[in-house]
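A.B. asks: Pasting a structure below so you can have a look.
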Amino acid sequence: MIENYHPHPDPNPSPGAGVLGGEMGLPDGTGPRGTAMTLKKKLTKTEFRQRADGILLRLSLEVTPFWQDSEEKQKQRIKRAAADPLYFCRTYLPHYFSHAPAPFHYELAALLERQPAGGKAPLEALAATGGMTSQSPAPEGRKPKPKNPGASQGAAATEVLVPAVVAAPREFAKTTVCAFGYVLHQICFGRRRFIIIGSDTDDLASDLTGYLYLELLYNERLLQDFGELAKANKSVDDFVTLNDIRVKSRGRGQRLRGLKHRQWRPDLVILDDLENDINVRNPEIVQQILDWVKSAVYPALDVGGNLMIIGTILRWKSALHLMLTSLDEPYCHFRRRIYRAHLEDGSSLWEARHPVARLKMQKQLMGTVAFNREKMNEPTSEEGFFQEEWIHYYQPDILKDRDLVVAGFFDPSLETGATSDYKAVVTVGWERQEMVFYVMDAFIQKVTLEQTLRAIFNRHREYCYQVLGVEDNLFQRLLLKEFDRLGKELGQLLPLKGVTHRIAKETRVASLSPLLERGKIRFIRGHSDQELLIEQLLYFPSRTLHDDGPDALEGAVRLSQEFSGAAVEPYERLQPRVFQGRGAF
């Protein structure tokens, strides 16, 4: 995994300036000053030494001391950095942090601080004030000695350590903030006694601790404000700082029981990306990870410490996803967060680094399935009814002079007047000779009822519906008055047909599976909202994605056959399809 950094050009960032990097990255050391900084977490020893040379070059060029400094400036800088870990990162690690932070970065820091979920925590308040705060007076002076973390955060004597589990998109700085910047902050201000960084393998984890070690040795800004914190020629996977904090790397499954730094147990454990694309498919390894977290990691922690498990959901049956969604103990008690690159309102989780336009382009280049897994924490369901290779496309000009039965179906949301719910209208042209359903248009948007009705009339003018289905229940009958009102206004009459569903939605939509598999349902690439319709199909049934589009598609397909008097084609499997040990239905 390679992620980007961009150095900050100002060696003394202003109080309101926010800068944050991508994911953690190592420089190649060969590019001109100001080029992107990239990091790989999996390196050989030779590669690490080469990358370390690059880091030293960037440190010497871009992390220069605070010139024209004064005792008062230093005092205020240290005080603010102690209260705000992200300000600390922006100020002392500009070669890693170069974009304005997103609100969720402050939430990550709050989780690491074990701040209460109720109310607005101090770190969460920082996101709304550009990183400015007058709270949490900071310790001053160089090389502060560690103090009891629980006491420093007002932890009650009876407080129970509750782990935090987080899923965040790739390239959204989850590792940079949690396993790098925040850890350096805790070391410099002496907030911990014994820190463990864990990952999929010990090599991956030791790479992370190695980056920490290099900053402590050679970062001029850290040396200027906090003094010497590390000696050279120490092992990068297990070292003790000069302010008496032990930092150790650990691979998945390795022993933690009995580990101590003198009399102290680990009081900060960060487990970063415990799974990879291969082992996540092995149920035995998934269970081993769960058992390791419950039986080895958690019991090894100091009661006043903290445990964060962070990664990207690679599979529904992954250890990370189970910890995030399980209703069983102990996971149901965890502090859990799932972040997605696209927010519910369509905006970006991190606009400064990944604007919406860039995310859309990435989705086109990566494909829906890969993008949703890596950026949306939404891997395809192992129990899904549709596969990506079943999606077939056509050019709309082939429909010229074809004898089509054109049917539409309107699937209104339960709260028809709300803009927060999807309204779906799918238009299908059925070519009876070759028995193919051509999806001519898909309207799947969060709009008002009035906007949806006008969209339906516009499509009737363009495609000339022979039949338009609307779900026929007590609530939907109220729509007829709205259709009549708008029809009189526009001088149009729609061929409406009420449809009463007596079969469950999952069964109805699943009936499209053999048609898609045989290429009997075809789409226009990039037309209207058809890509969203395809996405909803691929993830059906989903715990998080909407399914209004597939429901409307099934209705239009069924209506087009019924209108022509043809028998509705029943479900017939072409080949055995097994999902997790059971049949498709």
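All of the numbers you see were taken from the coordinates with simple rules; none came from a lab. Keep in mind that this is a model prediction, so the values were computed, not measured. Glycine also receives a Cβ, built like all others from the backbone with ideal geometry; neighbour counts cover every protein chain displayed.
A.B. asks: Between T64 and L161, what is the label-to-label distance in nm when each label sits 7 Å out along the Cα-to-Cβ direction?
C.D. replies: For T64 paired with L161, the spin-label model returns 4.4 nm.
A.B. asks: Describe numerically, in nm with one decimal, the distance between label points set 7 Å from Cα along Cα→Cβ at R518 and at E220.
C.D. replies: 7.3
A.B. asks: Then there's this: Post the alpha-carbon centroid distance, the range 252-312 to the range 56-100, in whole angstrom.
C.D. replies: 32
A.B. asks: Turning to a different aspect of this structure: Where does each of K423, K400, K248 land when they are ranked from fewest to most other beta-carbon atoms within 10 angstrom?
C.D. replies: K400, K248, K423
A.B. asks: Going 7 Å from the Cα of L399 along its beta-carbon direction, which residues of the range 490-522 have the amide nitrogen within less than 12 Å of the resulting point?
C.D. replies: So the set is 522.
A.B. asks: Something else now. Please find the FRET efficiency linking E450 to D244, where r is the Cβ-Cβ separation and R0 is fixed at 60 Å, and quote it to the nearest 0.05.
C.D. replies: That pair, E450 with D244, gives E of 0.35.
A.B. asks: Further question on the same structure: Quick check: residue separation of E388 and L486 times 0.36 nm, minus the Cα distance between them. What number comes out in nm?
C.D. replies: 31.4 nm is the gain from fully extending E388 to L486.
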